[in-house]
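Read the figures in this text as sums done on the coordinates, not as results from a lab. Just so you know, these numbers come straight off a predicted model, no measurement behind them. Don't worry about glycine lacking a Cβ; one is built from the backbone with ideal geometry, like all the others, and counts go over all protein chains shown.
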């Protein structure tokens, strides 16, 4: 979670005053002029007190730099061909960050995703635009080790949902087969942060409670859960585990493990996740991304390119009905899949992407093709002081 603070070269104005001048309000004088002066002094003292209180509440000193709101996010257009069926997918995912002083932040992300297909015998594409509120939350940075969050937030289960899901960040546009297990959004409260466990290990954590909600665009389950991770700065390795307990219906549990490694001398990223849920199923994915910046030839072109490969496997759970599995976004049968792709960064903020995958399952094998472009944007909504 990051927001930008813009600096200005202009010197900030300082609020000067003395609350003690407000004491003149207690003096009773029959002279009209002195009474008017006393009222003015009282008003000035009250204003200074209110401004000072606001600065204390929002944790910002009079001479501190003023953060400004940021409107950012990503947009993209993709063409998917799955088992011979073509689908056009435009996506816009706006993000709004509103900092309040140095300790408070309001942040929100929405998603507008179209799915347009050509009906059998039709000549034009048609479909629906799905609208979602991924998160709408208030964060309070209590200290360097704890941040308190309230509202709607991304469920901290594994690493894909929070870190890799945006189309600008993900290396392959198709999401992993196990992505619906444990992920999504929650409505409630969360504590998260990080601290050094010792000189060689940093610990990060997230603990949350989610309430049951059936409000449109704010649906969530009643559950508790958490995630813990250990990062080794020397070897650039992170590993961790996630737990989740549903507090409604059948009270199902879910668990997961994640791993990520970025070697210091090689432009390689290796990451993996495993997730298990008795009802939804289980599975894993392993992904490797290699930036071609160390290839000795055609450096001007290849340093902007990366290649990626992913292998994954899914084991179907106890969900009996196909419609229910489809509602979760899960496969109703066991499946294996391999994906290969490439990304090329045309310039800062613009990425072209393409991938090919092959899925193997008892229902039959088929190809998955994806090609498209993603754009990242960011605009300040004001000027810093």
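The protection proxy used here, the mean number of other Cβ atoms lying within 10 Å of each residue, ranks peptides 140-146, 92-98 as follows, highest first: 92-98, 140-146.
A Förster distance of 30 Å, applied to the separation of the beta-carbon atoms of residue 138 and residue 201, puts the FRET efficiency at 0.45. The slack between residue 191 and residue 81, meaning 0.36 nm per residue of separation minus the straight C-alpha distance, is 35.5 nm. Summarising the label geometry, the points placed 7 Å from Cα in the beta-carbon direction at residue 261 and residue 336 lie 2.3 nm from one another. Summarising the label geometry, the points placed 7 Å from Cα in the beta-carbon direction at residue 247 and residue 96 lie 3.0 nm from one another. Highest-first packing order for the peptide set 196-207, 154-165 is 154-165, 196-207, based on the mean count of other beta carbon atoms within 10 Å. Distance between the C-alpha centres of the range 332-385 and the range 199-250: 25 Å, rounded to the whole angstrom.
For residue 209 and residue 130 in one chain, what is 0.36 nm times their gap in residues minus the Cα-Cα distance, to one decimal in nm?
Working: separation 79, 0.36 × 79 = 28.44 nm, distance 2.66 nm.
Extra length from residue 209 to residue 130 when fully extended: 25.8 nm.
Remark on the range 67-380: hydrodynamic radius 21.1 angstrom, per the Kirkwood mean of 1/r across alpha carbon pairs.
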